[in-house]
1. May I ask you to compute the full-extension gain from CYS89 to ILE103, defined as 0.36 nm times their residue separation minus their alpha-carbon distance, rounded to one decimal in nm?
2. With contacts defined as alpha carbon pairs under 8 Å and 6 or more residues apart, what's the relative contact order of segment 18-104 in percent?
3. Taking H placed 1.01 Å from N in the peptide plane, check which residues at least 5 places from ASP34 or on another chain put their amide H under 5 Å from its amide H.
4. Per residue of segment 80-94, in order, report the coupling 6.51 cos²θ - 1.76 cosθ + 1.60 (Karplus, θ = phi - 60°) as ³J(HN,Hα) in whole Hz, putting x for Gly and Pro.
5. Using DSSP to call loops (not H, G, I, E or B), can you name the trypsin sites (Lys or Arg not before Pro) in segment 19-108 whose Cβ has at most 13 other Cβ atoms within 10 angstrom?
6. Report, in listed order, any pair from LYS22/LYS72; LYS24/LYS94; LYS51/LYS83 with a Cα-Cα distance greater than 20 Å.
7. Taking the Cβ of ASN101 as the centre, find all other residues whose Cβ is under 12 Å away and add up their charges (Lys, Arg: +1; Asp, Glu: -1).
8. Test of the criteria: in segment 64-93, which GluC sites (Glu not before Pro) are in a DSSP loop and have at most 11 other Cβ atoms within 10 angstrom of their Cβ?
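Please treat every number below as a calculation from the coordinates, not as lab data. Please read these numbers as outputs of a predicted model, since none were measured by experiment. Here Cβ is always computed from backbone atoms with ideal geometry, including for glycine, and neighbour counts include all displayed protein chains.
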Amino acid sequence: MKKSIIILLSFLFISCASHYVKKKDDSLLFYLRDDSSKNIELYVDVDGFEKHKAEKIKNDIWVVKIKHPASKEIKYFYKVDGKLYIPDCELKEKDDFGGENCIFKNFP
């Protein structure tokens with residue numbers, strides 16, 4: 001019984017995640033769950049924080065593909081409907097403007 005509850009809670013926690021990153025070949029796929037926004041953009045340090053428009057692939061899932069070797073860290077943040085958005089991420093750092101960036105590290 002206890003084990004079943006732990007498994008159920010783990011599943012609920014994972015399914016409620018609003019943000020995740022996956023490796024695919026020489027790219028990283030950034031996913032953001034948001035069902036009410038009209039426009040989502042991702043900014044990453046590898047190109048000087050240029051804007052990358054997210055594509056809505058389901059009712060509430062947006063994705064951006066960034067060509068980047070997964071063996072290097074990448075710093076990033078989102079803009080959701082024009083407003084800065086820093087998702088819950090394992091690693092963060094202060095930027096030069098008083099805000100924060102997320103850091104993705106997934107070394108083999």
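1. Length difference between fully extended and current span is 4.3 nm.
2. 27
3. ILE61, TRP62
4. 10, 6, x, 10, 4, 9, 10, x, 5, 9, 4, 10, 9, 9, 6
5. LYS38, LYS58, LYS72, LYS105
6. LYS24/LYS94
7. -3
8. Passing both the DSSP loop test and the Cβ count: GLU90.
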